[in-house]
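The values are calculated or read from the model by the stated rules, or taken from the named source; none is laboratory data. Quantities reported herein were computed from a predicted structural model and do not represent experimental measurements. Every residue, glycine as well, gets a Cβ built from its backbone with ideal geometry; the counts of neighbours run over all protein chains shown. For the accessible areas, the whole protein counts, side chains as well, though only heavy atoms, and no ligand, DNA or RNA atoms are used. Shrake-Rupley method; radii C 1.70, N 1.55, O 1.52, S 1.80 Å.
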Amino acid sequence: MKLLEFQGKKLFKEYGIPVPQGIVIEKKEDLKDIDIPFPWVMKAQVLVGGRGKAGGIKFANNMEEAIKNFEELITMEIKGEKVRKVLIEEKLRIEKEYYLSFFIDRSSRKYLMMFSFEGGVDIEAMAEKVMKIYVNPLIGLQPYHLRKLPKEVREIAKKLFQLFIEKDCELAEINPLVISNGLAIAADSKIIIDNNSIYRHEDLPKEDIELTPLEREAKEKRIAFVQLEGNIGVIANGAGLTMATLDALNEFDGKGGVFLDLGGTDDPEKVKQAFELMAKAKPKVILLNLFGGITKCDTVAKGIIEFLQENKINCPVIARIKGMNEEKARQMLKEYVIPIESFKEAAKKAAELGG
Ligand code: GDP
Ligand code: MN
């Protein structure tokens, strides 16, 4: 379960991690009751990543600007997720932006603490400059781990670790961890709680916020659909092939924006619904990777065509089609997609267009 920024910050506060003074509102009328001195930072509350880049963070120096910003933010849709709440905070004077997180690293079977002097931006972009400190779960976070961090963030790291453990987090991230007037303060939060532990966290928000609205819609339609950070919509059949496709994109620095697994469906109506959902997520490019085994490629093609005849899709669709009735499917889709035979070339092209 993902928490919204303000919910994560509430936990931070509980654990003694400094956060900016702030308030969450849903209506414009509530702006006038806010007694936080200007300038403000106004932040759309959404679960999808890349909010800042998508325009979901605005600054206001006075009420007039605040009203204008609020109206823009609350009508905004970020990667298909409607903004329902806006967090308003005192704008921090930023001296430095660090990155700090704890994460369950399954491959090393340890907790992984990550720290970087260059936070704020995408973690991927700063991958080489990140300090990785592994924490044995049987021993826990020790002073010698903390001494590798700059002095001013050690106390926060200790508290974040405590939160991470006690709330059964998969991830607890502060990006950026800001230095303002010489003091460290959490300017953002990203918390993911292990769903298997929810039953023992009565205190956590009860709203069904683990899914984005599109993911919820997909769940109702029984379509395996996950929204990710990037801009490339991946449709494939079978979770394995879908994941392999995301991996292939990664090889070419392409970031998946949607994981959509058609499963073994042979039903054109289901395919049509899947495409509808994909279109709503507004990817920059769609990469369709079909492997017809039990599924026949042409029935999938039929569903795609039914959707595309009725709807305009505002991005290119790259299609790699293999397996049963592939020729027929390729013929059918000829006018609608960019066909690429090789998996590798298809991934490369999608990465280019979706970068
Ligand atoms: P994200 O894009 O969803 O990760 O949103 P963040 O809350 O991390 O904010 C993104 C960026 O906006 C930060 O890295 C800062 O550069 C800027 N920002 C956010 N809050 C403040 C603030 O209070 N003061 C200033 N000066 N910049 C801020
Ligand atoms: Mn951030």
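Would segment 100-112 turn up any residue that is within 13 Å of ligand 2 (Cβ to nearest atom) and not assigned by TED's automatic domain parsing to the domain that holds Leu47? Break it down into steps so the answer makes sense when it comes.
Of all residues in segment 100-112, those within 13 Å of ligand 2 (Cβ to nearest atom) come to 100-101.
Adding the requirement that they be not assigned by TED's automatic domain parsing to the domain that holds Leu47 leaves 100-101.
Checking segment 100-112: at least one residue is within 13 Å of ligand 2 (Cβ to nearest atom) and not assigned by TED's automatic domain parsing to the domain that holds Leu47.
Among the residues of segment 59-80, how many are crowded, with 19+ Cβ neighbours inside 10 Å and either free of Cβ contacts under 8 Å to residues at least 40 places away in the same chain or more than 16 Å from ligand 2 (Cβ to nearest atom) (or both)? Reasoning before the result, please.
First pass over segment 59-80, keeping only residues crowded, with 19+ Cβ neighbours inside 10 Å: 60, 66, 69-70, 73, 78-80.
Still in the list and also either free of Cβ contacts under 8 Å to residues at least 40 places away in the same chain or more than 16 Å from ligand 2 (Cβ to nearest atom) (or both): 60, 66, 69-70, 73, 78, 80.
Result for segment 59-80: 7.
Scan segment 226-235 for residues that are touching a Lys or Arg at 6+ places or on another chain (Cβ under 9 Å) and either at pLDDT below 90 or within 15 Å of Asn289 (Cα to Cα) (or both) and report the count.
So the first thing to find is which residues in segment 226-235 are touching a Lys or Arg at 6+ places or on another chain (Cβ under 9 Å), and the list is 227-233.
With either at pLDDT below 90 or within 15 Å of Asn289 (Cα to Cα) (or both) added as a condition, the list becomes 229, 232-233.
Selection size over segment 226-235: 3.
Being open to solvent by 50 Å² or more (accessible area, probe 1.4 Å) and either among the aromatic types (Phe, Trp, Tyr) or under 18 Å from Val83 (Cβ atoms) (or both) is the filter here; which residues of segment 25-43 pass it?
Glu26, Lys27, Lys28, Glu29, Phe38
Condition (residue is in contact with a Pro (Cβ under 9 Å, 6 or more places away or on another chain), open to solvent by less than 60 Å² (accessible area, probe 1.4 Å), at pLDDT 95 or above and not assigned by TED's automatic domain parsing to the domain that holds Asp33) applied to segment 116-137: is it met by at least one residue?
Within segment 116-137 (the criterion being in contact with a Pro (Cβ under 9 Å, 6 or more places away or on another chain), open to solvent by less than 60 Å² (accessible area, probe 1.4 Å), at pLDDT 95 or above and not assigned by TED's automatic domain parsing to the domain that holds Asp33), the answer is no, since none of the residues qualifies.
Can Leu163 be described as open to solvent by less than 20 Å² (accessible area, probe 1.4 Å), under 20 Å from the mean Cα position of the chain (by Cα) and not β-branched (Val, Ile, Thr)?
Working: open to solvent by less than 20 Å² (accessible area, probe 1.4 Å): yes; under 20 Å from the mean Cα position of the chain (by Cα): no; not β-branched (Val, Ile, Thr): yes.
No.
Could you list all residues from segment 1-15 that are part of a loop (DSSP other than H, G, I, E, B) and within 16 Å of ligand 2 (Cβ to nearest atom)?
Leu3, Leu4
Out of Leu241, Leu308, Leu288, which single residue is without any contact (Cβ under 8 Å) to a residue 60 or more places away in the chain and open to solvent by 30 Å² or more (accessible area, probe 1.4 Å)?
That would be Leu241, the only listed residue that is without any contact (Cβ under 8 Å) to a residue 60 or more places away in the chain and open to solvent by 30 Å² or more (accessible area, probe 1.4 Å).
Step by step: first the residues of segment 197-210, then only those that are touching a residue at least 12 places away in the same chain (Cβ under 8 Å) and open to solvent by 20 Å² or more (accessible area, probe 1.4 Å), then the one that is nearest to the chain's Cα centre (by Cα). Which residue is that?
Within segment 197-210, the match that is nearest to the chain's Cα centre (by Cα) is Glu210.
Name every residue in segment 160-215 that is more than 16 Å from ligand 2 (Cβ to nearest atom) and among the β-branched types (Val, Ile, Thr), in order of residue number. Please lay out each step first, then the result.
Kept after step one, since they are more than 16 Å from ligand 2 (Cβ to nearest atom), are these residues of segment 160-215: 161-170, 181-183, 193-215.
Passing the criteria: Ile165, Ile193, Ile198, Ile209, Thr212.
Among the candidates Leu163, Leu171, single out the residue that is within 16 Å of ligand 1 (Cβ to nearest atom) and within 22 Å of Phe6 (Cα to Cα).
Only one candidate passes the filter, namely Leu171.
Please return the ranges of strands (runs of 3 or more DSSP E) entirely within segment 16-131 where 2 or more residues are more than 13 Å from ligand 1 (Cβ to nearest atom).
Result: 22-25, 96-105, 110-116.
With respect to Leu141, is the statement that it is over 25 Å from Val48 (Cβ atoms) and in a loop (DSSP other than H, G, I, E, B) true?
Yes.
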